[in-house]
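Scroll down for the structure; my scribbles are underneath it.
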Amino acid sequence: MDAAWALKVMDKSPYTTVSMTDENGMPYSVPLSIVRTDEQTFYFHCATEGKKLDILQTNPHVCLTAVSKCKPTVGPKDGSFTLEFESAIAFGKAEIVTDDAEKREALRAICQRFLPKHMDAFDAAEERSLSRTAVVRITLTEPPVGKRKQYDANGDELKYGRMDK
């Protein structure tokens, strides 16, 4: 599936797994609550110390993966055990945000995505925690791609380009 579709999957996903590689070549992946602010920029927040930040300071290259739909099912026409899903993958470069204004805007965007009904408490929470919260910006280095498996009401698999479900 194309980049626009993949971005929608990432927007719908309750979390995105961010994968990175440490200085010894060991993989490290962590599911995070991220937000997208434009076609190539994502943000997440975390503590000001920890393994993620240590790794990203030495190797900022990351892979993002997201799944917004995942439902085990039996193939309607052949009885096979399968999975309906929507997924996306993207590659990017991570950078720790040092500008307080950008940190605030990123944190506001994260809260707006995950707790929109509680934005009235944002300013006080942000004031209490800004100094002890790190924000990481991920800038995509290439367009994301997506993949899916879905069936229509007749049991036919929706192939690429068929968006009627």
**Asked** Quick one: if the Förster radius is 41 Å, what FRET efficiency do Asp152 and Val30 give, using the C-beta to C-beta distance and rounding to 0.05?
**Response** 0.70
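Note the full-extension length gain between Thr21 and Ala101 as 0.36 nm times their separation in residues minus their Cα-Cα distance, in nm to one decimal.
Between Thr21 and Ala101, full extension yields an extra 25.9 nm.
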**Request:** For region 1-96, compute Rh as the Kirkwood radius over C-alpha pairs and then the Stokes-Einstein diffusion coefficient at 20 °C and 1.002 mPa s; write the answer in µm²/s, rounded to an integer.
**Result:** 145
**Asked** Which one of Leu32, Leu56, Leu130 has the biggest mean-square fluctuation once the chain is modelled by GNM with Cα springs under 10 Å?
**Response** Leu130
**Fill in**
Taking R0 as 45 Å and r as the Cβ-Cβ distance between Lys93 and Ala124, the FRET efficiency 1/(1 + (r/R0)^6), rounded to the nearest 0.05, comes to 0.85
**Request:** Would you mind calculating the relative contact order of the chain from Cα pairs under 8 angstrom and at least 6 residues apart, reporting the percent as a whole number?
**Result:** 30
**Residue-averaged [θ]222 nm for the chain, counting only DSSP H segments that reach four residues, each worth -39500 (n - 2.57)** = -7500 deg cm²/dmol
**Asked** How large is the dipole of the chain about the Cα centre if only Lys and Arg carry +1 and Asp and Glu carry -1, each at its Cβ, rounded to the nearest 20 debye?
**Response** 520
**Prompt:** Asn59 to Glu142: extension gain in nm, 0.36 nm per residue of separation minus the Cα-Cα distance?
**Reply:** 28.1 nm
**Asked** How large, in Å, is the chain by the Kirkwood hydrodynamic radius built from its alpha-carbon pairs?
**Response** 17.4
**Fill in**
Of all lysine pairs in the chain that are eight or more residues apart or on different chains, those with Cα atoms under 15 Å apart total 17
**Item:** Lys12 paired with Gln112, simple spin-label distance in nm, labels 7 Å along Cα-to-beta-carbon
**Value:** 2.2
**Request:** Starting from the Cα of Lys159, move 7 Å in the Cα-to-Cβ direction to define the label point; list residues of region 64-99 whose amide nitrogen is under 20 Å from there.
**Result:** 75-80, 83-87
**Prompt:** Distance from the Cα centre of region 105-136 to that of region 71-103, in angstrom?
**Reply:** 24
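Just so you know, all these numbers are worked out from the coordinates, no wet-lab data involved. Everything numeric in this text was worked out from a predicted model, so none of it was measured. In this analysis, Cβ positions are derived from the backbone assuming ideal geometry, glycine residues included, and neighbour counts consider all displayed protein chains.
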